Amino acid sequence: MIELSLARIAEIVEGRLDNIGADEAAATSVTGTVEFDSRAVTSGGLFLALPGERSDGHDFAAAAVAAGAVAVLAARPVGVPAIIVEPVGVPPATGGTAGVLEHDTDGSGAAVLAALAKLAAAVAAELTAGGLTIVGITGSSGKTSTKDLIAAVLAPLGEVIAPPGSFNNELGHPWTVLRATRSTDYLILEMSARHPGNIAALARIAPPSIGVVLNVGTAHLGEFGSREAIAATKSELPQSIPNSGVVILNADDPIVAAMADTTAARVVRVGRSADDAETDVRAEDVELDPLARARFTLHAGGGAVAVSLAVYGDHQVSNALCAAAVALECGASLDQVAAALREAGPASRQRMQVSTRDDGVTIINDAYNANPDSVRAGLKALAWMSRGGAPERRSWAVLGEMAELGDDAISEHDRIGRLAVRLDVSRLIVVGTGRPMSAMLNGAVMEGSWGSEATGVADTDAALDLLRAELRAGDVVLVKASNAAGLGALADALVADSSGAGKGDR
């Protein structure tokens with residue numbers, strides 16, 4: 001974060017000083033990072049006291065100061081130097097965009113988050129006035145992968161700050177903003193939503209000059225109720241871009257392409273259409289290698305260059321086109337973009353993270369999150385990897401629940417089970433016993449799965465036992481589910497089993 005005195009921070013967040021005098025607050029500055037985990041606090045930092053599932057950050061205020069924090073941003077006195085903001089009342093039971101406020105029973109968390117947003121907005125305004133470029137990304141799937149690709153293609157142009165993993169809600173977004181300093185050239189922000197207005201609110205904290213919309217799918221369908229409502233919320237990003245900015249739209253998604261009518265900013269369309277009237281940045285002659293890494297010719301601005309991606313799956317082509325469009329807008333050449341994309345492998349854990357064991361078993365760990373669109377993309381990548389080389393390899397899809405689909409949960413899980421059969425996945429393991437998982441298993445059976453091709457297991461331990469017993473050398477395994485299903489640990493365990501395959505080899 002840029003250096004700010006405690007007195008200035010208190011002014012920005014409209015808080016009062018506690019356990020520190022006015023003169024001392026004016027002379028004491030935050031020179032380190034802003035953290036909500038007391039274990040991450042470093043010298044000169046500011047600690048956020050937030051309620052959590054098992055503990056309240058206020059109880060760790062003293063430990064944070066002992067670790068080097070100069071003060072705590074809190075909703076009540078904590079016995080150490082603090083800036084106190086008043087609770088704003090008990091928040092809605094639904095919490096924030098990703099449940100950050102689920103355990104906020106007295107409004108203290110909402111108060112601290114509101115103060116954090118004010119602080120981030122003030123810092124963003126000062127940095128953009130000094131030349132910082134802010135890039136905002138939204139979409140139903142692919143935000144984190146695209147964020148990582150954009151960070152890679154912008155890195156040769158200057159200093160880049162991007163969130164780790166999927167820090168894209170009302171906590172992670174301003175927290176990321178506050179990682180930027182006066183030497184930062186590009187700030188990349190993911191923007192997620194659970195309710196209408198969430199993206200607009202995030203855009204007000206740190207207004208992007210470049211907005212990227214990837215797709216409109218069915219993620220969080222249970223929260224929004226319809227795909228139309230999801231589209232309206234995603235369009236809050238292009239609506240937030242100023243006239244002087246640029247909106248990058250994935251023209252391969254008709255709903256996204258139509259968002260050109262919602263913004264006064266200049267629009268850049270990306271996609272696979274060879275028609276110059278439909279796309280400004282496009283991919284032609286797309287091919288996949290045996291590991292489902294795409295090769296294509298990138299066309300933009302009258303030029304063309306060969307691109308080879310280091311990330312996995314045909315769906316990454318759209319993500320790479322969006323990243324290329326951002327870099328070109330920021331002054332990169334086509335050759336620079338191609339070189340950066342060639343080196344940009346998976347950067348965030350459990351997102352199409354591919355590992356091959358000593359016995360040749362390949363694990364695709366895509367277990368951080370799941371919705372129908374991303375699961376379809378993962379299954380297609382699995383099918384290609386198992387058949388893209390010689391000899392053909394057995395494929396395993398280990399799938400857990402896709403959360404937050406509301407009334408469509410049963411039908412969407414049924415469709416995924418049927419797709420696994422249509423793609424000729426060798427073995428499907430359905431993990432979990434709820435109705436959605438039963439629907440997935442039943443869908444596979446009704447589509448023509450027989451014998452042990454599709455199997456239901458109660459939990460991740462049972463799935464791991466089955467895999468260890470039956471995997472053969474050279475098999476390809478996709479592990480995919482919403483994060484709450486906990487399949488990431490299963491994938492990690494499979495990767496760790498590097499000494500050889502199981503009984504299937506004998």
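The values are calculated or read from the model by the stated rules, or taken from the named source; none is laboratory data. Everything numeric here is computed off the predicted structure, so don't read it as measured data. Glycine also receives a Cβ, built like all others from the backbone with ideal geometry; neighbour counts cover every protein chain displayed. Heavy atoms of the whole protein, side chains included, go into the accessibility calculation; ligands, DNA and RNA do not. Shrake-Rupley method; radii C 1.70, N 1.55, O 1.52, S 1.80 Å.
Working only within segment 473-488, note down all residues that are part of a strand (DSSP E or B) and among the charged types (D, E, K, R). Correct list: Lys480 only. From the list Val337, Val307, Val317, Val326, the one residue that fits, being assigned to a strand (DSSP E or B) and open to solvent by less than 10 Å² (accessible area, probe 1.4 Å), is Val307.
Residues checked against (1) farther than 21 Å from Ala409 by Cα; (2) modelled with pLDDT under 95:
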| site | (1), (2) |
| --- | --- |
| Leu428 | no, no |
| Asp475 | yes, no |
| Ala485 | no, yes |
| Gly500 | yes, yes |
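The requirement of being open to solvent by 30 Å² or more (accessible area, probe 1.4 Å) and at pLDDT 95 or above is satisfied by Glu11. Just one residue in the set Ala390, Ala397 is modelled with pLDDT under 95 and assigned by the TED database to the domain that holds Ser411; that residue is Ala390.
Taking segment 14-32 as the range and being open to solvent by less than 60 Å² (accessible area, probe 1.4 Å) and farther than 24 Å from Pro87 by Cα as the test, the residues that pass are Thr28, Ser29, Gly32. Screening Val216 against (1) in contact (Cβ under 8 Å) with a residue 40 or more places away in the chain; (2) under 18 Å from Val281 (Cβ atoms) leaves a single unmet condition, (2). Residue count for segment 253-274, restricted to those that are in contact with a Ser or Thr (Cβ under 6 Å, 6 or more places away or on another chain) and either outside the structural domain of Asn215 (by the TED database) or open to solvent by 20 Å² or more (accessible area, probe 1.4 Å) (or both): 3. Does Asp461 fit the bill of being open to solvent by 40 Å² or more (accessible area, probe 1.4 Å), under 16 Å from Ala485 (Cβ atoms) and either at pLDDT 95 or above or not hydroxyl-bearing (Ser, Thr, Tyr) (or both)? So Asp461 fits the description; yes.
Condition check ((1) closer than 21 Å to Leu178 by Cα; (2) modelled with pLDDT under 95) across all residues:
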residue	(1), (2)
Thr28	yes, no
Glu35	yes, no
Gly44	yes, no
Ala63	no, no
Val88	no, yes
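Restricting the first member to segment 440-453 and to residues that are farther than 17 Å from Val398 by Cα, and the second to residues that are open to solvent by 70 Å² or more (accessible area, probe 1.4 Å), the beta-carbon pairs closer than 7 Å and six or more apart or on different chains are Glu447/Arg422.
To keep it simple, each residue is scored yes or no on (1) open to solvent by less than 20 Å² (accessible area, probe 1.4 Å); (2) in contact with a helix residue (DSSP H, G or I) (Cβ under 6 Å, 6 or more places away or on another chain).
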residue	(1), (2)
Asp359	no, no
Ile363	yes, yes
Asp366	yes, yes
Asn369	no, yes
Arg393	no, yes
Gly400	yes, yes
